[in-house]
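Notes for the one structure printed next.
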Amino acid sequence: MTDSPADVLAWIARRGRYVSVVGAGGKTTLLYALAHEAAAQEKKCIVTTSTHIWQPKYLPVAEDLEELKKILSQSRLAVFGRRRADGKLGPPGTLDAAALLPLADFVWNEADGGRGLPCKVPAAHEPVIPADTDVVLGVAGLSALGRPLKDVCFRPEQAESLLGRPAAAPVREEDLAAILLSEAGTRRSVGSRPYAAVLHQCDSPQRAQQAEQIRALLGAGGLTDIFVTARSTRRPQERS
């Protein structure tokens, strides 16, 4: 059984309003699903990035605060960032909570890049978690399991060092758990903020069994806030 965006949102709402998502394996999909869920619950939401994020074609994009205010006066959900030639959005002029939270109930920030791969071990300069972040979600994609580390992990050289395994080795449940637990992995720069692991791409009975194994390993490592989510096959539509 998987957790819904509403389940994850309920956990977040008890802990803060400024959320950063890190890791790899479905960050953007999860971030937009959570923002749409919050908007459906009549909450105003800003989706933004401290690194980069794909520019959605079905949501309004603001490049400055005045444009953002205008969009949010007419809609519950706006994307905030600077347009780039590659179709992505870069960080906006400000990510300060003092500027953004008076405009919305939640700020959803993509704070890491994953190159479309299902797992990641960050370099020293990553992730880019804004100081105002209240809550961090660490994402890993279950589709990495059983495949060579070098094929599914962004920054495989960092993964080799963290896991003590060669890049050609297949990814195991204990590898994803180690990445999600480590302060050299997905928890880098999280500090004392509330942190939850999200095991994404749980799309089959086999993946569900693997997710339960990882959940047990995470629990043994002291992490109790764990969600298992399925990727959406439907593009969410904004509800105003």
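Structural remarks
- Residue within the range 203-216 that is under 23 Å from V19 (Cβ atoms), crowded, with 20+ Cβ neighbours inside 10 Å and touching a helix residue (DSSP H, G or I) at 6+ places or on another chain (Cβ under 9 Å) present: yes
For every residue, the table says whether it meets (1) among the hydroxyl-bearing types (S, T, Y); (2) touching a Pro at 6+ places or on another chain (Cβ under 9 Å).
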{"residue": "T2", "(1), (2)": "yes, no"}
{"residue": "A13", "(1), (2)": "no, no"}
{"residue": "G16", "(1), (2)": "no, yes"}
{"residue": "T29", "(1), (2)": "yes, no"}
{"residue": "H52", "(1), (2)": "no, yes"}
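- Residues in the range 47-68 that are touching a strand residue (DSSP E or B) at 6+ places or on another chain (Cβ under 8 Å), modelled with pLDDT of 95 or more and more than 25 Å from A6 (Cβ to Cβ): S50, T51, V61, A62, E63, L68.
- Being within 20 Å of H200 (Cβ to Cβ), open to solvent by 50 Å² or more (accessible area, probe 1.4 Å) and either in contact (Cβ under 8 Å) with a residue 12 or more places away in the chain or of a type outside the set (D, E) (or both) holds for only one residue in H36, H52, and it is H52.
- The residues of the range 60-89 that are in contact (Cβ under 8 Å) with a residue 40 or more places away in the chain and either buried (at least 16 other Cβ atoms within 10 Å of the Cβ) or closer than 23 Å to A13 by Cα (or both), listed by number, are S75, R76, L77, L89.
- Test result for A124, touching a Lys or Arg at 6+ places or on another chain (Cβ under 9 Å), without any contact (Cβ under 8 Å) to a residue 12 or more places away in the chain and open to solvent by 70 Å² or more (accessible area, probe 1.4 Å): yes
- Failed item in (1) open to solvent by 60 Å² or more (accessible area, probe 1.4 Å); (2) farther than 28 Å from S4 by Cβ, with K44 passing the rest: (2)
The values are calculated or read from the model by the stated rules, or taken from the named source; none is laboratory data. Model, not experiment: these values are computed from the prediction. Positions of Cβ are generated from backbone atoms using ideal geometry, with glycine treated the same way; all protein chains shown enter the neighbour counts. Surface accessibility is based on the protein's heavy atoms, side chains included, excluding ligands, DNA and RNA. Shrake-Rupley method; radii C 1.70, N 1.55, O 1.52, S 1.80 Å.
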